[in-house]
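This report concerns only the one structure given below.
The values are calculated or read from the model by the stated rules, or taken from the named source; none is laboratory data. Since this is a predicted model, take the numbers as computed values, not measurements. All Cβ positions, glycine included, derive from the backbone under ideal geometry; neighbour counts span all protein chains shown.
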Amino acid sequence: MKPGNHYLELINKIKAYQPEAPVEIVERAYAVAEEAHRGQLRKSGEEYIIHPLGVANILADLQLDCVTITAALLHDVAEDTSVTLEQLQSMFGKEVVMLVDGVTKLSRITYKSKQEQQLENYIKMFLAMARDIRVIMIKLADRLHNMRTLKHMAPHKQREKAEETLEIFAPLANRLGIYRVKWELEDLSFRYLEPEAYYELVEQVRQKRGERDHILQNAARELSERLREVGIRSELQWRAKHLYSIWRKMQRDRKELGEIYDISAIRLVVDNVKDCYGALGIVHTLWRPIPGRFKDYIA
Ligand code: MN
C-alpha cells in the first residue's frame, strides 16, 4: 500500500470514532513528517513514513485522541531528521512536543540485564519517566509496528527485539490493561523466539478451533435463549486464547493441546453479582461441570 492510502485509512478511522475530531492537526503532522523523512527508507525498502503512519494507525485502532496521533506521526522526526523540537513546538504546540520528547527519552533507555528484579525496575522506570500515559501508548504502538515488520531485520536482531518485547513491553501493556497489544506483542515475540513450536501450534490450533468453535456456537445460542427466558440481561462474547498463552500453559503443566480446555471460550457479561450467580445456575442446569475443573471466580 502507498503511504497516501495508509493516511486515508487513518483519517477514516479517526472520523469513525470521533466525528468532530480536529483532524486538521493530523493532516499537518503527516505533511511535516512526510517531508522530513523523505528519502529515508526502512529495511523493507519502503519509504520511512510508512512506519509513523503504521504507529498512528495502531493508536487510532485504540481510539486515541488527535494530539496523541499527531505526536505518533512526528515521533521519529526530531530524532532522525533535521527538524528540531523547537520547530515542532512552534508548529504543533507544547502538548505534542512533550509527547514526542517523552517517546524519544524512553527510546534511549537500554536494556542489559535479564534478571527478573532488573526487568521489574525497567518497567517501573518506564512508568515513572513517562509522566503522561500517552507517551507509553505511543512507545507500545511503535514497538508493535516494529515487531509486525521484524521479518526484514537480521536474525540476531530479531531475537534481541523479540526478547526485549517479551520481557519489557508485553508486561508493560499488561500493566496498563491494553490486552490486545499485549497479546499481539507476545505472539509476535513467540514466533521469532520459538519459530518451530510457533508454526506447529498455529497448525494444531487451526484444526482444533474449527471443531470447538462449532460446539461453542451452539452452546452460546442455547444459553442466551435460556437466560432471556428467566429475564437475565446478558451479553455473550467470544474469547480465543492467544497462541503464546496456550503454549505457556502447555509448557508449564506439561500438557498436549488436546488437554487444554480453554483455547476458545464464551464469556458471559451480566449486570450484577446476583445475575452472575443466576446465570451460573442456568449454566449448571444445561451442562454438568467437569469434576475438579470448576473455579468460582465470582466469589
Ligand atoms: Mn519509531
- request: Please state which one of 220, 154 is without any contact (Cβ under 8 Å) to a residue 40 or more places away in the chain, away from the ligand (no atom under 16 Å from the Cβ) and not aromatic (Phe, Trp, Tyr).
  value: 154
task: For region 240-269, enumerate the residues that are buried (at least 16 other Cβ atoms within 10 Å of the Cβ), charged (D, E, K, R) and over 20 Å from the mean Cα position of the chain (by Cα).
output: 249
- request: Tell me, please, whether a residue that is in contact with an Asp or Glu (Cβ under 8 Å, 6 or more places away or on another chain) and modelled with pLDDT of 95 or more can be found in region 149-162.
  value: no
- request: Can you give me the number of residues within region 268-299 that are closer than 17 Å to residue 226 by Cβ and of a type in the set (A, V, I, L, M, F, W, C)?
  value: 10
- prompt: Mind checking which pairs have a first residue in region 133-146 that is under 14 Å from residue 53 (Cβ atoms) and a second that is buried (at least 23 other Cβ atoms within 10 Å of the Cβ) and among the charged types (D, E, K, R), Cβ under 9 Å, 6 or more apart or different chains?
  reply: 142/76
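Could we say that residue 144 is in a helix (DSSP H, G or I), hydrophobic (A, V, I, L, M, F, W, C) and either on the phi > 0 side of the Ramachandran plot or within 11 Å of the ligand (Cβ to nearest atom) (or both) here?
Spelling it out, residue 144 is indeed in a helix (DSSP H, G or I), hydrophobic (A, V, I, L, M, F, W, C) and either on the phi > 0 side of the Ramachandran plot or within 11 Å of the ligand (Cβ to nearest atom) (or both).
For (1) out of contact with any Gly (no Cβ under 8 Å at 6 or more places or on another chain); (2) within 26 Å of residue 131 (Cβ to Cβ); (3) acidic (Asp, Glu), each residue gets a yes or a no:
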| position | (1), (2), (3) |
| --- | --- |
| 21 | yes, yes, no |
| 30 | yes, no, no |
| 42 | yes, no, no |
| 47 | yes, no, yes |
| 70 | yes, yes, no |
| 75 | yes, yes, no |
| 78 | yes, yes, no |
| 102 | yes, yes, no |
| 108 | yes, yes, no |
message: When you check residue 180 against the structure, is it within 16 Å of the ligand (Cβ to nearest atom) and not hydroxyl-bearing (Ser, Thr, Tyr), yes or no?
response: no
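Would it be correct to say that residue 193 is away from the ligand (no atom under 16 Å from the Cβ), more than 18 Å from residue 244 (Cα to Cα) and under 19 Å from the mean Cα position of the chain (by Cα)?
Spelling it out, it is not the case that residue 193 is away from the ligand (no atom under 16 Å from the Cβ), more than 18 Å from residue 244 (Cα to Cα) and under 19 Å from the mean Cα position of the chain (by Cα).
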